[in-house]
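A short worksheet on the structure shown next.
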Ligand code: GH3
Ligand code: MG
Ligand code: MG
Ligand code: MG
């Protein structure tokens with residue numbers, strides 16, 4: 001595992017959040033007292049409320065009572081598993097029911113485990129820990145499919161999905177603007193020729209990290225687009241805003257001060273092309289083509305600059 005991957009994995013291992021669902025507040029209180037030292041605990045006293053908490057707060061795991069008025073635990077679990085945004089949250093049933101068929105119903109509803117009431121504190125804590133570890137490993141493997149192995153930023157697959165999703169969500173606020181920037185390292189072939197491919201890889205990693213640090217909004221997205229090309233997606237950003245970010249990115253890469261004697265500036269620089277559209281008119285391919293054309297112009301105008 002690369003350092004970047006390990007770092008990403010470890011940041012997911014903070015205090016986990018557990019949702020406790022039970023129609024009887026006294027049962028929630030009991031479980032809360034067992035979990036409170038090790039976990040953030042959220043509570044819900046009905047199935048409907050549990051679904052809402054899942055969508056709002058995305059807990060890491062759910063402890064679910066079976067017998068509840070209106071929507072019971074089995075129905076709630078089925079509803080969670082049917083909603084793709086929250087379906088991966090593991091559900092452990094906590095129940096006083098004894099018969100085998102009740103247990104079967106829990107498995108069929110999509111539970112990962114089953115704990116008998118009255119709850120044994122030690123058993124509960126160990127089961128939770130085991131399932132959280134499994135969930136974190138699964139999440140990590142899933143994230144690998146969307147992360148570029150060399151630089152640790154998102155890969156092309158994630159980028160493509162993300163722009164489509166952005167455009168679909170943004171259509172509701174017609175007038176808002178979406179900007180994209182395409183960045184290409186200047187004379188990178190010459191850099192490899194002079195210093196070798198390993199040094200080239202190291203420079204790519206440093207540039208990626210600088211780009212990520214320079215993008216300040218959490219919604220901004222940095223992805224590796226191709227070999228030594230990156231794309232930055234800027235939701236709700238007009239042309240003026242995109243220009244501000246682009247200048248920051250140019251500066252961030254220049255400030256790395258990676259020597260490159262074969263260029264005009266004596267160090268590694270990038271060129272940037274930008275495109276901006278309203279969400280109403282945005283189409284992924286058009287944005288990309290336009291940004292690409294502007295990148296070409298930036299290269300023509302002496303590199304280490306931005307065109308839009
Ligand atoms: P320009 O300023 O016009 O962009 O010149 P350039 O040499 O950067 O452009 P070109 O697209 O011709 O070459 C890109 C080079 O980037 C080719 C290859 O040597 C290098 N490159 C692409 N991907 C990688 C990579 O993963 N690692 C390394 N070390 N080099 C890469
Ligand atoms: Mg109950
Ligand atoms: Mg290139
Ligand atoms: Mg290049």
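All of the numbers you see were taken from the coordinates with simple rules; none came from a lab. All figures in this text were calculated on a predicted structure; none of them were measured in a lab. Using ideal geometry, Cβ is built from the backbone for each residue, glycine included, and neighbour counts are taken over all protein chains shown.
Summarising the label geometry, the points placed 7 Å from Cα in the beta-carbon direction at residue 145 and residue 236 lie 2.9 nm from one another.
Computed over the chain with a Gaussian network model linking Cα atoms closer than 10 Å, the most mobile of 254, 246, 36 is 36.
Between the C-alpha center of region 70-93 and that of region 245-308 there is a gap of 46 Å. Note on the chain: semi-axes of the ellipsoid equivalent to its C-alpha gyration tensor, largest first and rounded to whole Å, are 49, 22, 14.
Helix 25-35 axis versus longest C-alpha principal axis of the chain: approximately 60°, rounded to the nearest ten. Extension gain for the segment residue 136 to residue 40, taken as residue separation times 0.36 nm less the Cα-Cα distance, is 32.9 nm to one decimal. Across 293, 99, 174, mean-square fluctuation computed from a Gaussian network of the chain (C-alpha pairs under 10 Å connected) peaks at 99.
Of all beta bridges that DSSP places with both ends in the chain, some 50 percent have antiparallel geometry. The alpha carbon centroids of region 38-63 and region 128-180 are separated by 23 Å.
Estimated from helical segments only, the mean residue ellipticity of the chain at 222 nm is -15500 deg cm²/dmol, where each DSSP H run of four or more residues counts as -39500 (n - 2.57). Annotation: for a label point projected 7 angstrom from Cα along Cα→Cβ of residue 157, residues of region 204-228 with backbone N closer than 20 Å are 221-228.
Shown is the FRET efficiency for residue 70 and residue 283, computed with R0 = 35 Å from the Cβ-Cβ distance and rounded to the nearest 0.05: 0.20.
Expressed as a fraction of 2.2 N^0.38 Å, the C-alpha radius of gyration for region 236-301 is 1.30. Full extension of the segment from residue 98 to residue 217, taken as 0.36 nm per residue of separation minus the current Cα-Cα distance, would add 37.7 nm.
If you plug the beta carbon distance of residue 83 and residue 248 into 1/(1 + (r/R0)^6) with R0 = 51 Å, you get a FRET efficiency near 0.85.
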